[in-house]
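The values are calculated or read from the model by the stated rules, or taken from the named source; none is laboratory data. Given the structure is predicted, the values throughout are model-derived calculations rather than measurements. Using ideal geometry, Cβ is built from the backbone for each residue, glycine included, and neighbour counts are taken over all protein chains shown.
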Amino acid sequence: MTRPKTKILVDGCDPQETRQIKELLAFVDGQTTNPSLIAKNPHIKELIASGHKLSNREEMDEYKKIVPTISPLVGDAGVSIEVFSDEKTTAQEMFSQGQEMFSWIPNAYIKYPCTAEGLRAPQNSVKQGMRINMTLCFSQQQAAAVYAATKGAKEPASVSPFVGRNGACHGDREILEQWASKTFPTPDNQFQYKASGKPIPYEELDLEQGRETFDIEHERTRKGIVKFTADYRASLSRLHD
């Protein structure tokens with residue numbers, strides 16, 4: 001196939017799945033991971049099924065073992081590693097995790113959520129030359145706040161807009177297999193995506209404003225944090241809840 005200009009990233013925490021997709025496409029540009037997906041990793045699920053519950057440190061150590069096996073399989077979009085956070089986690093706590101996670105692999109991007117504390121964490125991260133990927137972004141105001149929070153970054157700073165969450169498809173690998181079976185067709189310049197659901201109104205925003213001036217509150221960001229927290233806490237020992 002002719003490699004598309006669009007980057008293709010895998011979303012998951014199973015290195016075997018990454019290998020299978022790379023064999024199918026001949027490449028994978030990058031991968032995104034998060035604590036919820038770590039809890040669904042086959043090895044972690046086996047541990048839980050055997051009756052073993054992990055401590056917070058064990059959960060982090062398992063994440064640390066998985067990420068380096070994915071790292072060499074992907075291209076220049078790297079591996080996004082998300083901090084463990086809930087609604088009470090402070091920016092300093094996220095940054096401390098981010099510092100450790102960034103040292104795990106040479107192509108790491110640290111994922112912080114688009115919350116008030118999550119948007120404070122990149123300030124020190126950017127100063128230390130860390131690559132950033134802000135996640136759970138559901139609005140233009142949040143994206144503008146990310147721009148303000150990462151301004152001056154010497155390394156790449158990305159945002160993950162969840163604009164397709166309403167119509168998100170499950171079973172992405174099945175979709176990729178269908179694409180491969182049709183010899184990887186790509187749209188021409190006349191292609192128009194017909195979206196379902198309500199349109200997202202465009203806002204004229206002054207990007208020179210400070211991070212605090214943007215309205216970053218969004219119910220779906222909150223729900224995303226709650227969901228991620230519930231998933232990874234299900235694998236933790238009650239002694240460490």
List every residue pair whose Cβ atoms lie under 6 Å apart, where the two residues are 6 or more positions apart in sequence or sit on different chains, the first residue falls within region 177-199 and is in a loop (DSSP other than H, G, I, E, B), and the second residue, located anywhere, is charged (D, E, K, R) and loosely packed, with under 10 Cβ neighbours inside 10 Å. none
Top-ranked residue in region 132-142 [being surrounded by 19 or more Cβ atoms within 10 Å (Cβ to Cβ) and not in a strand (DSSP E or B); ranked as modelled with the highest pLDDT]: 142
Quick one: which residue in 17, 82 is at pLDDT 90 or above, among the charged types (D, E, K, R), in contact with a Lys or Arg (Cβ under 9 Å, 6 or more places away or on another chain) and under 29 Å from residue 217 (Cα atoms)? 82
Which helices (runs of 4 or more DSSP H) sit wholly inside region 39-115 and have at least 2 residues that are aromatic (Phe, Trp, Tyr)? 91-102
Give the residues of region 10-22 that are outside any helix (DSSP H, G or I) and of a type outside the set (Asp, Glu), sorted by residue number. 10, 12, 13
Please tell me if residue 7 is surrounded by fewer than 16 Cβ atoms within 10 Å (Cβ to Cβ), assigned to a loop (DSSP other than H, G, I, E, B), touching a residue at least 60 places away in the same chain (Cβ under 8 Å) and out of contact with any Ser or Thr (no Cβ under 7 Å at 6 or more places or on another chain). yes
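A quick yes/no check of all residues on (1) touching a Cys at 6+ places or on another chain (Cβ under 9 Å); (2) closer than 27 Å to residue 213 by Cβ:
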site	(1), (2)
77	no, no
83	no, yes
92	no, yes
95	no, yes
104	no, no
107	no, no
114	yes, yes
122	no, yes
131	no, yes
Can residue 44 be described as crowded, with 21+ Cβ neighbours inside 10 Å, of a type in the set (A, V, I, L, M), farther than 23 Å from residue 118 by Cα and at pLDDT below 90? yes
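Tally the residues that are in contact (Cβ under 8 Å) with a residue 24 or more places away in the chain, over 18 Å from residue 98 (Cβ atoms) and not hydroxyl-bearing (Ser, Thr, Tyr), restricting the search to region 31-61.
To start, the set of residues in region 31-61 that are in contact (Cβ under 8 Å) with a residue 24 or more places away in the chain comprises 31-42, 44, 47-48, 53-56, 59-60.
Pick out the ones that are also over 18 Å from residue 98 (Cβ atoms) and you get 39-42, 44, 47-48, 53-55.
The next check asks that each one be not hydroxyl-bearing (Ser, Thr, Tyr); those that pass are 39-42, 44, 47-48, 53-54.
So the answer is 9.
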